[in-house]
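The values are calculated or read from the model by the stated rules, or taken from the named source; none is laboratory data. For clarity, every value in this text was computed on a predicted model and none was experimentally measured. Cβ placement follows ideal geometry from the backbone for every residue including glycine, while neighbour counts extend to all protein chains displayed. Remember, those area values only see protein heavy atoms, side chains included, never the ligands or the DNA or RNA. Shrake-Rupley method; radii C 1.70, N 1.55, O 1.52, S 1.80 Å.
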Amino acid sequence: MGADQRIVLLTDFGLRDSYVGVIKGVIAQITPKITTIDLTHQVAPQDIGAARFILLSAVNYFPKQTIFVVVVDPGVGGSRRSIALIWQDYYLIAPDNGVLSGLLDCAPGQEARELTNRNYWRVPQPSFTFQGRDIFAPAAAHLAQGLPFEQLGDRIPLASLVRLSLPELEIKPQGIVGSIQYLDHFGNGITTIPRSQIADKNWICRVGETRIVAGNTYSDVEAGVAIALIGSEGWVEIAVNGGSAQARLNLKFGDPIELLWQ
Amino acid sequence: MGADQRIVLLTDFGLRDSYVGVIKGVIAQITPKITTIDLTHQVAPQDIGAARFILLSAVNYFPKQTIFVVVVDPGVGGSRRSIALIWQDYYLIAPDNGVLSGLLDCAPGQEARELTNRNYWRVPQPSFTFQGRDIFAPAAAHLAQGLPFEQLGDRIPLASLVRLSLPELEIKPQGIVGSIQYLDHFGNGITTIPRSQIADKNWICRVGETRIVAGNTYSDVEAGVAIALIGSEGWVEIAVNGGSAQARLNLKFGDPIELLWQ
Amino acid sequence: MGADQRIVLLTDFGLRDSYVGVIKGVIAQITPKITTIDLTHQVAPQDIGAARFILLSAVNYFPKQTIFVVVVDPGVGGSRRSIALIWQDYYLIAPDNGVLSGLLDCAPGQEARELTNRNYWRVPQPSFTFQGRDIFAPAAAHLAQGLPFEQLGDRIPLASLVRLSLPELEIKPQGIVGSIQYLDHFGNGITTIPRSQIADKNWICRVGETRIVAGNTYSDVEAGVAIALIGSEGWVEIAVNGGSAQARLNLKFGDPIELLWQ
């Protein structure tokens, strides 16, 4: 790979401790010129579902060949596999716990490997608790440096990868029922309902007993008023202009959200 | 522009979601070798005044030609303009909502453009809610790659840019009254009173009924004691040695602060 | 030094203000091509002990010659010295307040200098309150650019550097008593007891009246159960699988932790 290669990091390490810095140090020891980019390190501890959504929301905005390292890994040191995946010409290094399943729901993977080749671990006896440092980051760094993908370890069937699935949409004559799949920093509630389900219909949104008008952008309503719109990733999103829909409507992950055709 | 060019990001996106990473991905898709630097992404949501102050406090410490992208943008998708400004040989890409007015209060801009040239948007139909990704970041990336500034869009009068102004200082015979314009992470309260107003006078500071001694640095007073000093950006600042002036004195944005000549 | 050089930043600046960005700007003004890496900026304000531990936990994972800038500096502008240290072929720039003493407890330093050479300060009259910007960052940037170490200022005796020491371990026939030296983002409590004290003995851990089983990794116990293990840096660590040991056991810095041989 070329000098333009980069490694993108997605973890639940937070930013208080040495863990993120150590990952970057390990990468620099193997391949000093590579750029690392923080996708986020603020995933709630061990929240695989949030990591799945964040990864899905970001990958396609990066150049092809970008290498993503995902370390949201409640099963670290246990029996879950450490894997590498090629997907749409991107590279992903992660625990096999479902964090990649948002991508795999969109398009099939090209090839998956288990990270069994100890030549590309940092040390022969990796830590039981920090495999991001000892297995994932080194794999990414070697890949960035030109290691052929198949050297990382044994090929595994794509169908064997752990999948997390979202609750299915419920399609009714008068509308559609989905749920909240992610709550962002602004308190926007991103639902599981994609733009394609709406097409050119007119609609409003119902959250519990509250009916919410549909619009294009936050400022289509007065400050402090709730609005439903198609968010930047193409999902129906509940927001409050200048405020937090999460706080206003007491939104939680998994809450049902109904669209009603008008 | 040369290989030393960099893009500095200032947003209210927080660090929990994919938004900052997506901005960096979009930049890398256009110009893979450019370095991005995070000024901060922790501006309180939609706090244009804080963004104004942070930008003003930082720009001059970067090399000339540095490109700043500011996305604190409560009016995204509405009628506010998306603009580019050359100021003191720096480049700024931002919504036209006053975030640049701290700079413009210090020195005139050189040239402003509205980002009307869709050739340099990420997609012809940008998101209504994430123009940082679809309009601002691409403009910055193309500029970093050598696009002539005038290609970004139509020239607009510098005098037409939205300005936020600080409350004026009140000059009295016995002193001067300003206000708190920013509260930092340490709980230091930065006022609107510049060093130039003090010159070589002796002074103390009054906050409500509390009188605070003036000094040079935090450790000029005992631990836990309040002190007023000239902060690192040249503004009178209220601090507590080893503590938080914000908590101790219950400081809030806009609170009046009085200096008394001694 | 070569093009692969990097500067690693460790501060208590937080990520809300302009301070970290300004440090990076100052470095870019002096040496535009250098990469900066954030170790963390979330050290609790003025917590020298936490900075000591984070630095100790990270340095050895970076390539030799890496330059570390530590700005956790309650005594800024006062009489404490600003120093540079070569340690195990790494470079460290810091206030002389004990933040480097974790490293010095492990191995002797090679050479120390006080940053007395004003030619390598940003300005002849540095700020009393932001010497990270005016003294530390410029020193690191000049060093990255090839300045010989001895140019930074006067040589000072290694034995004169301020040291912070951890409370000593208490070795008993039936076990060993240490204490909590750091609590991380996950709520894991890292003790002062190193792996070498355990060797191949069987042990359990006692925290107050609670007895905690020893294991290898978090998932060796059921979700929600406490476990003691050897953490990734080789210290005995108290954790809760899928939870926070800090919250569960009300752990605080300095709390005594006892190991009992079985």
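Considering every residue within region A:9-16, establish whether at least one is among the charged types (D, E, K, R), assigned to a loop (DSSP other than H, G, I, E, B) and either open to solvent by 10 Å² or more (accessible area, probe 1.4 Å) or within 24 Å of B:Ile27 (Cβ to Cβ) (or both).
Let us first name the residues in region A:9-16 that are among the charged types (D, E, K, R), namely A:12, A:16.
Still in the running and assigned to a loop (DSSP other than H, G, I, E, B): A:12, A:16.
Subset that is either open to solvent by 10 Å² or more (accessible area, probe 1.4 Å) or within 24 Å of B:Ile27 (Cβ to Cβ) (or both): A:16.
Yes; the residues of region A:9-16 include at least one that is among the charged types (D, E, K, R), assigned to a loop (DSSP other than H, G, I, E, B) and either open to solvent by 10 Å² or more (accessible area, probe 1.4 Å) or within 24 Å of B:Ile27 (Cβ to Cβ) (or both).
Given the conditions (1) part of a strand (DSSP E or B); (2) in contact (Cβ under 8 Å) with a residue 40 or more places away in the chain, and given that C:Ile227 satisfies all but one, which numbered condition is not satisfied? The single condition C:Ile227 does not satisfy is (2). Apart from one condition, B:Trp261 fits all of (1) modelled with pLDDT of 95 or more; (2) buried (at least 19 other Cβ atoms within 10 Å of the Cβ); the exception is (2).
Taking the condition over 19 Å from A:Ala214 (Cβ atoms), more than 14 Å from every other protein chain (Cβ to nearest Cβ) and aliphatic (A, V, I, L, M), does A:Leu169 pass? Reasoning before the result, please.
Numbers: over 19 Å from A:Ala214 (Cβ atoms): no; more than 14 Å from every other protein chain (Cβ to nearest Cβ): yes; aliphatic (A, V, I, L, M): yes.
Spelling it out, it is not the case that A:Leu169 is over 19 Å from A:Ala214 (Cβ atoms), more than 14 Å from every other protein chain (Cβ to nearest Cβ) and aliphatic (A, V, I, L, M).
Tell me, which residue of region A:11-64 that is more than 18 Å from the chain's Cα centre (by Cα) and polar (S, T, N, Q) is farthest from C:Thr35 (Cα to Cα)? Ranking the candidates gives A:Ser18 first.
Residue pairs whose Cβ atoms lie under 7 Å apart, sitting 6 or more positions apart in sequence or on different chains, and linking a residue in region C:207-218 that is over 19 Å from C:Asp255 (Cα atoms) and in contact (Cβ under 8 Å) with a residue 12 or more places away in the chain to a partner that is among the aromatic types (Phe, Trp, Tyr) and outside any strand (DSSP E or B), are C:Asn216/A:Phe128; C:Thr217/A:Phe128. The set of residues in region C:230-259 that are in a loop (DSSP other than H, G, I, E, B) and touching a residue at least 60 places away in the same chain (Cβ under 8 Å) comprises C:Glu233, C:Leu251, C:Lys252, C:Phe253, C:Gly254, C:Asp255. Look at (1) over 25 Å from the mean Cα position of the chain (by Cα); (2) in contact (Cβ under 8 Å) with a residue 12 or more places away in the chain and you find that C:Leu183 fails only one, number (1).
Each residue in region A:45-74 was checked for being within 9 Å of another protein chain (Cβ to nearest Cβ), part of a loop (DSSP other than H, G, I, E, B) and closer than 21 Å to A:Arg163 by Cβ, and 2 pass. Report yes if some residue within region B:180-191 is open to solvent by 10 Å² or more (accessible area, probe 1.4 Å) and away from chain C (no Cβ under 14 Å); otherwise report no. Taking every residue of region B:180-191 in turn, none turns out to be open to solvent by 10 Å² or more (accessible area, probe 1.4 Å) and away from chain C (no Cβ under 14 Å). If the condition is being open to solvent by 10 Å² or more (accessible area, probe 1.4 Å), closer than 14 Å to C:Gln65 by Cα and touching a strand residue (DSSP E or B) at 6+ places or on another chain (Cβ under 9 Å), then region C:112-156 contributes only C:Phe149. Here is the figure for region A:226-249: residues that are open to solvent by 60 Å² or more (accessible area, probe 1.4 Å) and more than 10 Å from chain B (Cβ to nearest Cβ) total 3. Scanning region C:1-23 for residues that are touching a residue at least 40 places away in the same chain (Cβ under 8 Å) and within 11 Å of chain B (Cβ to nearest Cβ) yields C:Thr11, C:Asp12, C:Phe13, C:Tyr19, C:Val22, C:Ile23. Which of the residues belonging to region B:203-216 are farther than 13 Å from B:Val240 by Cβ, over 29 Å from the mean Cα position of the chain (by Cα) and either modelled with pLDDT of 95 or more or assigned to a strand (DSSP E or B) (or both)? Across region B:203-216, the qualifying residue is only B:Arg211.
Please enumerate the residues belonging to region A:157-179 that are open to solvent by less than 20 Å² (accessible area, probe 1.4 Å) and not in a loop (DSSP other than H, G, I, E, B). Within region A:157-179, A:Gly175, A:Ile176, A:Gly178, A:Ser179 qualify. Of all the numbered requirements in (1) modelled with pLDDT of 95 or more; (2) surrounded by 16 or more Cβ atoms within 10 Å (Cβ to Cβ); (3) of a type outside the set (Lys, Arg); (4) farther than 16 Å from B:Tyr19 by Cβ, A:Ser219 misses one, and that requirement is (1).
Which residue is least open to solvent (accessible area, probe 1.4 Å), if the candidates are limited to region C:77-103 and must be in a loop (DSSP other than H, G, I, E, B) and out of contact with any strand residue (DSSP E or B) (no Cβ under 7 Å at 6 or more places or on another chain)? Steps first, please.
Of the residues in region C:77-103, the ones in a loop (DSSP other than H, G, I, E, B) are C:77-81, C:88-89, C:96-100.
Still in the running and out of contact with any strand residue (DSSP E or B) (no Cβ under 7 Å at 6 or more places or on another chain): C:77-79, C:88-89, C:97-98.
Numbers: C:Gly77: 21, C:Gly78: 36, C:Ser79: 120, C:Gln88: 74, C:Asp89: 70, C:Asn97: 23, C:Gly98: 2 Å².
Step by step, filter region C:77-103, then rank; the result is C:Gly98.
If we keep just the residues of region C:24-43 that are open to solvent by less than 10 Å² (accessible area, probe 1.4 Å) and more than 7 Å from every other protein chain (Cβ to nearest Cβ), which is farthest from A:Ile30 (Cα to Cα)? Step by step, filter region C:24-43, then rank; the result is C:Val43.
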